[in-house]
Ligand SMILES: Cc1cc2nc3c(=O)[nH]c(=O)nc-3n(C[C@H](O)[C@H](O)[C@H](O)COP(=O)(O)OP(=O)(O)OC[C@H]3O[C@@H](n4cnc5c(N)ncnc54)[C@H](O)[C@@H]3O)c2cc1C
């Protein structure tokens, strides 16, 4: 591992940390990413990337590195309840279903190519010292002018910095599993069921990712969740499960702020509400690219909290619309009668539904 003072040390080589590393290295910054797990890294995820995220991957030069065997084009989102399906056509360039391991491999390869240093190491602490921030890791200590905490939902950096706030509302969780079956649609299907939502995303010519989001009251088995969706269970009949279930949660996380002296929070570590709208990756990529763009000026001003304030503003501009839209959809998950009426209306008036969603999402 490089012993010199780095412009940025990143804790966490997930999509947010790696996207930042690519964008920052391309701007000539020296970046070291510390990721505790051996790559390519997997994670519980619905694995659908919305058009904004697809555009970000193109900007980062990652698209061509995605293994086509583990990816599939997505043309629309279908919200399905009983016999009603409201369809939302995705704007250009469309969405993408991508297996997380393939995404991790492509982002890592591109980050290395751009000049970032990727190290497998677990960070167990950090310390400010004069003009630098030390990340204390299993591979040794590394110093950066700024520490980028991209260590996910349960960010230990956020907690150690005293930036954590309690999240409100019922605790929601997610779990996913893959099935060997040719996707039946170029679409992400969102099935609404009793106390849970199911997401089906094509992630290759012969594979779908099935993810459930739900409020947990005690242990919940993947099979028990699937049983709540008889139509989906029927579609998966005979298809072998090719991965073990992998879960995550609670999903909602809050932070007091995204910045402190020589420190920023990025990706899920910066705050998260829910995966119900499938925006986490797009949000992480967008914030990572903006952070890399404004970091040279912030480093020039000493990477103080004040110098990093433009990042807090950029993050809010992106997070607030995500938060508002996610609140609306979460509200619908808890009100089946209203949801049913809305989906029936949306199914009968697709153009009006599309306009309304675009207005809400921005
Ligand atoms: C069930 C579910 C379904 C979802 N579906 C979608 C979807 O369809 N579309 C979408 O866009 N988003 C979806 N999301 C959200 C998306 O997965 C996240 O927003 C995204 O992974 C955030 O990326 P990240 O890099 O911030 O965090 P992560 O992907 O969690 O990466 C954090 C990384 O930090 C590493 N790390 C943690 N602690 C340390 C440490 N101490 N030292 C070193 N490394 C460390 C971890 O190993 C990990 O690799 C879903 C989430 C869930 C839970």
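So what is the relative contact order of the stretch 61-115, in percent, for Cα pairs below 8 Å that sit 6 or more residues apart? If you can, show how the numbers build up before the last one.
On the way: 54 pairs, mean separation 23.4, N = 55.
With pairs under 8 Å counted, the relative contact order is 43 percent.
Using DSSP, restrict attention to beta bridges with both residues in the chain and report what percent are antiparallel, rounded to the nearest 5. Mind showing how you got there, number by number?
Details: 54 of 75 bridges.
Once the DSSP bridges in the chain are tallied, antiparallel ones form about 70 percent.
Specify the angular offset, from 0 to 90 degrees and rounded to the nearest 10, of the alpha carbon long axis of helix 100-114 from the longest principal axis of the alpha carbons in the chain.
Relative to the chain, helix 100-114 is tipped by roughly 30 degrees.
Using a/c under 1.5 as the rounded threshold, could you call the stretch 233-318 rounded, prolate or oblate? The axes a ≥ b ≥ c are square roots of the C-alpha gyration tensor eigenvalues, and prolate needs a/b larger than b/c, oblate otherwise. Intermediate values should be presented prior to the final figure.
Details: a/c = 3.33, a/b = 2.85, b/c = 1.17.
It comes out prolate by the Cα gyration axes.
Fewest first, what order do 20, 222 take by the number of other Cβ atoms within 10 Å? Please list the in-between numbers first.
Details: 20 33, 222 18.
Fewest to most other Cβ atoms nearby, the residues stand as 222, 20.
Given a Förster radius of 35 Å and the C-beta distance between residue 113 and residue 327 as r, what FRET efficiency does 1/(1 + (r/R0)^6) yield to the nearest 0.05?
Values: r = 39 Å, r/R0 = 1.12.
Efficiency, from the Cβ-Cβ distance: 0.35.
Express the relative contact order of the stretch 1-46 as a whole percentage, based on alpha carbon pairs under 8 Å and six or more residues apart in sequence.
Working: 41 pairs, mean separation 19.4, N = 46.
Reported relative contact order: 42 percent.
Could you work out the relative contact order of the chain? I mean the mean sequence separation of Cα pairs under 8 Å and 6+ apart, divided by the number of residues, in percent. Display every interim value, and only then the final one.
Details: 799 pairs, mean separation 80.1, N = 362.
That works out to 22 percent.
If I fit a long axis through the Cα atoms of helix 309-333 and take the longest principal axis of the Cα atoms of the chain, what angle between them do I get, 0 to 90°, rounded to 10?
So the helix axis and the longest Cα principal axis differ by about 20 degrees.
Between residue 313 and residue 89, what is the FRET efficiency for a Förster distance of 51 Å, r being their Cβ-Cβ separation, to the nearest 0.05?
E(calc), rounded to 0.05, equals 0.95.
More than 25 Å apart: what percent of Cα pairs in the chain qualify? Don't skip to the answer; put the middle values down first.
Working: 34301 of 65341 pairs.
When every Cα pair of the chain is considered, 52 percent fall beyond 25 Å.
Between 0 and 90 degrees, rounded to the nearest ten: what's the tilt of helix 280-300 against the longest Cα principal axis of the chain?
Tilt of helix 280-300: around 20 degrees.
Let a ≥ b ≥ c be the square roots of the eigenvalues of the Cα gyration tensor of the stretch 5-66; is it rounded (a/c under 1.5), or, if not, prolate (a/b larger than b/c) or oblate? Walk me through the intermediate numbers first.
Numbers: a/c = 2.41, a/b = 1.26, b/c = 1.92.
Note, shape of the stretch 5-66 comes out oblate.
Please work out, to two decimal places, the log10 of the ratio I(q)/I(0) at q = 0.26, 0.29 Å⁻¹ from a Debye calculation in which every Cα of the stretch 311-362 carries one identical scatterer.
Those come out to -1.02, -1.10, one per q.
What number, rounded to the nearest 500 deg cm²/dmol, is the helix-based mean residue ellipticity at 222 nm of the chain, given -39500 (n - 2.57) per DSSP H run of at least four residues and division by all its residues? Each step should come with its number before you reach the end.
Values: 10 runs with 123 residues, N = 362.
Here the helix-only value at 222 nm equals -10500 deg cm²/dmol.
Between residue 2 and residue 340, how many nm apart are label points set 7 Å from Cα along the C-beta direction?
5.9 nm
Restricting things to Cα coordinates, could you compute the convex hull volume per residue of the stretch 179-284 in Å³? List each step's numbers first, then the result.
Values: hull volume 14.1 nm³, N = 106.
Dividing the Cα hull volume of the stretch 179-284 by its residue count gives 133 Å³.
We did not get these values from a lab; they are worked out from the coordinates using the rules stated. Only a predicted model underlies this, so the values are computations on that prediction, with no experimental measurement involved. All Cβ positions, even for glycine, are placed from backbone atoms using ideal geometry, and neighbour counts span all protein chains on display.
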